[in-house]
Amino acid sequence: MTAVPLRLPRRLVEFTLDGQETRVPEGSTILDACRAAGKDIPTLCQGDTLTPKNACRVCVVEVEGARTLAPACSRRAEAGMTVLTDTERARHSRKVVLELLASSTDLSTTPRAAEWLKEYEAKPDRFGPDAARVNEEPKVDNDLYVRDYDKCVLCYKCVDACGEQWQNTFAIAVAGRGFDARISTEHDAPLTDSACVYCGNCIEVCPTGALSFKSEFDMRAAGTWDEPAQTETTTVCAYCGVGCNVTLHVQDNEIVKVTSPHDNPVTHGNLCIKGRFGFQHVQNRV
């Protein structure tokens, strides 16, 4: 069980969400309110441990009186506002965003992408095979994780996790501009020659699988990755006295990857290289 720190009570903000009077704690976003009300809004660049970047725009909603659609992940709920989440304008915008992303990047390992494409009747194939933005082989230059930029939607979450928001390593950043923009190490060097400390916190926040555990990459290539069959067990990392929670993902009695609960007050989903990748001793049965 994860301990939840006590906080000062917040005032409630009242507004109208799809015709229903809604009350949420002050500072909540429209997305927070939608989720509390059980409304399913698609998101990609939104991360519960990161500051919203407004990069993908797939969560847009209509705010009465506003000239443009508002990203639900970053727009805070305000008293008296009227929000509509399922208008024709909002749905059309999400459809176009999904079509553009799916036509230019590989969303095959993005959770729920296929479901959203079907729900919004998106047709990414109409842009043709030349719409692919990167079209290159995955970068496999170490034994811990793989970078597959064909799957990158440039949400910047990995850059924020590696940089000032969590790790402060700054091993990766956005290189290039416009259509040539991409995530890269300094001088596009192999990861082993970069400032990377292999904490894997970039993998934790990647929404599409562009960054993945080497173990997951190999198992997907072999056709043995079976996420529904995996179990998750949260325990305490044994490497030091900080007390980080680690969640072991186990398939066929083998640990296939390690994450950390995002609501844990110690880790906030982040780990060090030992906690993230140093699990082999647990299953050493010799």
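The values are calculated or read from the model by the stated rules, or taken from the named source; none is laboratory data. Nothing here was measured: the structure is a model prediction, and the numbers come from that model. Positions of Cβ are backbone-derived with ideal geometry, glycine not excepted, and every protein chain shown enters the neighbour counts. Surface accessibility is based on the protein's heavy atoms, side chains included, excluding ligands, DNA and RNA. Shrake-Rupley method; radii C 1.70, N 1.55, O 1.52, S 1.80 Å.
Numerical summary
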quantity: Nonlocal amide H pairs with Lys139, under 5 Å, H built at 1.01 Å; calculated: Arg147, Asp148, Tyr149
quantity: Longest DSSP-loop-exposure-free segment, chymotrypsin sites (Phe, Trp or Tyr not before Pro), the chain, at most 16 other Cβ within 10 Å; calculated: 1-169
quantity: Global form of the range 61-138, assessed from the alpha-carbon gyration tensor, a/c cut-off 1.5; calculated: prolate
quantity: Accessible-area composition of the chain, carbon plus sulfur, in percent [1.4 Å probe]; calculated: 51 percent
quantity: Karplus 3J(HN,Hα) series, Hz, for the range 172-181 with 6.51 cos²θ - 1.76 cosθ + 1.60 (x for Gly, Pro); calculated: 10, 7, 7, 10, x, 9, x, 5, 8, 5
quantity: Principal semi-axes in Å for the range 98-255 [√(5λ), Cα gyration tensor, largest first]; calculated: 27, 22, 14
quantity: List Arg75, Arg89, ordered by accessible area with a 1.4 Å probe, largest first; calculated: Arg89, Arg75
quantity: Phi-based couplings in Hz for the range 152-165 (Karplus 6.51, -1.76, 1.60; Gly and Pro marked x); calculated: 7, 9, 6, 7, 6, 5, 5, 5, 5, 5, 6, x, 6, 7
quantity: Top of Asp148, Asp193, Asp160 by mean-square fluctuation, Gaussian network on the chain, Cα under 10 Å; calculated: Asp193
quantity: Distance histogram for the range 48-87 (every C-alpha pair counted, 10 angstrom bins, percent rounded to whole numbers); calculated: 29, 54, 17, 0
quantity: Mean residue ellipticity (222 nm) of the chain, computed from DSSP H runs ≥ 4 via -39,500 (n - 2.57), nearest 500; calculated: -5000 deg cm²/dmol
quantity: Top positive-direction residue, dipole computed over the chain with Cβ charges, set Ala181, Thr169, Val258; calculated: Thr169
quantity: The range 40-148: relative contact order as a whole-number percent, Cα under 8 Å and 6+ apart; calculated: 18 percent
quantity: Mean projected area (nm²) of the alpha-carbon convex hull when the range 175-286 is viewed from all directions; calculated: 9.5 nm²
quantity: Degrees between helix 88-104 axis and first principal axis of the chain (Cα, 0 to 90, nearest 10); calculated: 30 degrees
quantity: Relative contact order (%) - the chain, alpha-carbon pairs under 8 angstrom, separation at least six; calculated: 14 percent
quantity: Amide H contacts of Leu12 (H built 1.01 Å from N, under 5 Å, at least 5 apart or other chain); calculated: Glu26
quantity: Length released on extending from His92 to Ser74, taking residue separation times 0.36 nm less the Cα-Cα span; calculated: 4.5 nm
quantity: Hydrodynamic radius of the chain per Kirkwood, over alpha carbon pairs, in Å; calculated: 20.7 Å
quantity: 28 Å Cα cut-off, lysine pairs counted over the range 21-148 (separation 8 or more, or different chains); calculated: 10
